[in-house]
Amino acid sequence: MVKKVEFSKTLVPEYLKSLQVYQAGKPIDELAREKGLTKISKLASNENPLGPSPYAIKEMTGGLWELHRYPDMHAYNLKQALCELYDLKPQNIILGNGSEGIMAYIARAFIQPGDEVLTSEKTFIGFYILARSVGAHLKTVPLTEDYRFDVKALAENITEKTKVIYIANPNNPTGTYITKEEFDYLMDHVPGHVLVILDEAYFEFARQEDDYPDSMDYRYDNVITLRTFSKAYGLSGIRVGYGFAHEYLIENLSKVKLPFEPNLIAQLGAKGALYDQPHLERTIKVNHEEYLRTFKFLEDKGFNPIKSITNFITFKTGTPEASNWLFDKLLDFGVIIRPLKANEMPEYVRVSLGTPEEMDHFFEAMNAILPEYDKLFGRPN
Ligand SMILES: Cc1ncc(COP(=O)(O)O)c(C=O)c1O
């Protein structure tokens, strides 16, 4: 039996109607199917090109025999591992399906339609979508000229209506960061009733910088720090993120959290990854080497790459047309990068740092298409 209905005009709230569905990086299989290619380098989603830690794989494989059971809803072992590593208490930790999963819980628990949420332009789109999806009034300030969160502008735009401030440090898609001094300045200007989300998805890459404010060195009751196993730990596929904050915040977030998240395999994989510090160190070393090579390549070619302390580099093409053309042409060569139209940076593109072989693939493809690129667009400077 089939029954057609006319959906009520009020079914979907006004603030959802104008929202676009999130566009992820192009999947490898999709490109392989479309172009009949076998060699593909996916440099679009800031993943770890070395893959997961073998130790994490072993832990997850062991868990397969337990899949008929629900996972531990308190994720005791994973929380314990995080407590040991960072000297935390379990009541200050929340786990979820990626750090974005926790962001969704923050939105659900603390943001109501009409609440004012303050952040920057040109930051992580996932946050814009989540804030809008609960009806927040999103207020943004421009980045500084050197593509960083502008703490002064943020401080100036805090009003009594501001409920949440979102900072991605380092920022995606620019790879830039606010310094300790800037973080102190911002926190001096944030009233206690405003909740600050400090998104540190790229923390493991960033912490090598002396003036990077590691949130573990601070204890602000109104700050929630978010981190993830998706980037340096190489576990995007199992979706695990963690947040730490005052227990009052964690307790209230726990009320809206789905009880069995992260799932059983995800808990095991994340715990395994935490114990494999050598894999993390290898990841950071390879990333740094490929960063230097890629930055130089892009600089030599006149693309004005933005200095980044993460596992990706954003560079200027100069026009939206040039960005789209570059993205499409690189696909023909099996290289997937990220156009940044959705991030309000259409005249830029972003390339994630891969293995040495993947970056060579990117350089070769770029060298092959640059003569045609020059005829059409010229270099941006
Ligand atoms: C700044 C930032 N925050 C959060 C996320 C989401 O990561 P997760 O996989 O933990 O949900 C990303 C992913 O690209 C990101 O760049």
- Once amide H atoms are placed 1.01 Å from N in the peptide plane, what residues at a sequence separation of 5 or more from residue 46, or on another chain, have their amide H within under 5 Å of its amide H? 352
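Just to be sure I understand: of the beta bridges DSSP finds with both ends in the range 54-276, what percent are antiparallel, rounded to 5? Working shown, then result.
Values: 8 of 25 bridges.
Of all bridge pairs located within the range 54-276, approximately 30 percent are antiparallel.
Taking all pairs of distinct Cα atoms, average 1/r, flip it, and tell me the Kirkwood hydrodynamic radius of the range 54-276 in Å to one decimal place. If you can, show how the numbers build up before the last one.
Working: mean 1/r = 0.0561 Å⁻¹.
Computed over Cα pairs of the range 54-276, the Kirkwood hydrodynamic radius comes out at 17.8 Å.
What shape does the range 294-381 have by the C-alpha gyration tensor, where a ≥ b ≥ c are the square roots of the eigenvalues, rounded means a/c under 1.5, and otherwise prolate means a/b greater than b/c and oblate the rest? Walk me through the numbers before you get to the answer.
Details: a/c = 1.31, a/b = 1.09, b/c = 1.21.
Rounded.
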- Quick one: which residues, 5 or more positions from residue 143 or on another chain, have an amide H under 5 Å from its amide H? H modelled 1.01 Å from N in the peptide plane, none for Pro or chain starts. 121
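If we sort 306-312, 251-257, 341-347 on the protection proxy, mean other Cβ atoms within 10 Å, highest first, what's the order? Let's see the in-between values first.
Values: 306-312: 23.4, 251-257: 15.3, 341-347: 17.1.
The densest-packed peptide leads the list: 306-312, 341-347, 251-257.
Is the range 153-230 best put as rounded, prolate or oblate by its Cα gyration tensor, with a ≥ b ≥ c the root eigenvalues, rounded for a/c under 1.5, and otherwise prolate when a/b is larger than b/c, oblate when not?
On the way: a/c = 1.72, a/b = 1.65, b/c = 1.04.
It comes out prolate by the Cα gyration axes.
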- Message: Full-extension gain between residue 219 and residue 84, please, as 0.36 nm times their residue separation minus the C-alpha to C-alpha distance.
- Response: 46.8 nm
- Note on the structure: CD proxy, 222 nm, the chain: helix-only mean residue ellipticity via -39,500 (n - 2.57) per DSSP H run with n ≥ 4, per residue, nearest 500, stands at -12500 deg cm²/dmol
- Check cross-link reach from residue 231 to the aspartates and glutamates: straight Cα distance under 15 Å, and skip same-chain residues fewer than eight apart. 47, 100, 199, 200, 204, 276, 281
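Nearest 5 percent is fine: what portion of the DSSP beta bridges confined to the chain is antiparallel?
On the way: 15 of 34 bridges.
In the chain, approximately 45 percent of DSSP beta bridges are antiparallel ones.
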- Message: Accessible area of the chain with a 1.4 Å probe: how many percent of it is carbon plus sulfur?
- Response: 53
- Using the alpha-carbon centroid of each, what span in Å lies between the range 322-377 and the range 144-190? 30
- Would you kindly work out the equivalent ellipsoid of the range 225-381 from its C-alpha gyration tensor and give its semi-axes, the square roots of five times the eigenvalues, largest first in whole Å? 36, 19, 14
- Using only Cα atoms, what is the ratio of the radius of gyration of the chain to 2.2 N^0.38 Å? 1.01
- Which order do the peptides 230-236, 363-369 take when ranked by the mean count of other beta-carbon atoms within 10 Å per residue, highest first? 230-236, 363-369
- Task: Report the full-extension gain for the segment residue 251 to residue 29: residue separation times 0.36 nm, less the Cα-Cα distance, to one decimal in nm.
- Result: 75.9 nm
- Each residue of the range 360-371 in turn: what ³J(HN,Hα) in whole Hz from Karplus with 6.51, -1.76, 1.60 and θ = phi - 60°, glycine and Pro shown as x? 4, 4, 4, 5, 4, 5, 4, 4, 5, 9, 4, x
- Task: May I ask you to evaluate 6.51 cos²θ - 1.76 cosθ + 1.60, the Karplus curve with θ = phi - 60°, for each residue of the range 161-177 and list the ³J(HN,Hα) values in order in whole Hz, giving x for glycine and proline?
- Result: 7, 5, 9, 9, 10, 10, 10, 9, 9, x, 8, 10, x, 8, x, 8, 8
- List, in order, the whole-Hz ³J(HN,Hα) value for each residue of the range 78-87 obtained from phi through the Karplus relation with A = 6.51, B = -1.76, C = 1.60 and θ = phi - 60°; use x for Gly and Pro. 5, 5, 4, 4, 5, 4, 5, 5, 10, 6
- In terms of modelled amide H atoms, which long-range or inter-chain residues lie less than 5 Å from the amide H of residue 223? 196, 246
- Where the chain is the region considered: accessible area per residue in Å², 1.4 Å probe: 48
- Task: Treat each spin label as a single point 7 Å out from the Cα along the C-beta direction, and report the residue 4 to residue 376 distance in nm.
- Result: 4.3
- Using the C-alpha atoms of the range 39-184, what convex hull volume per residue, in cubic angstrom, is computed? 190
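The values are calculated or read from the model by the stated rules, or taken from the named source; none is laboratory data. Here the structure is a predicted model, which is why all the values come from computation and not from measurement. Counting neighbours? That spans all protein chains shown, and the Cβs are built from the backbone with ideal geometry, glycine included. All accessible areas refer to the heavy atoms of the entire protein, side chains included, with ligands and DNA or RNA removed. Shrake-Rupley method; radii C 1.70, N 1.55, O 1.52, S 1.80 Å.
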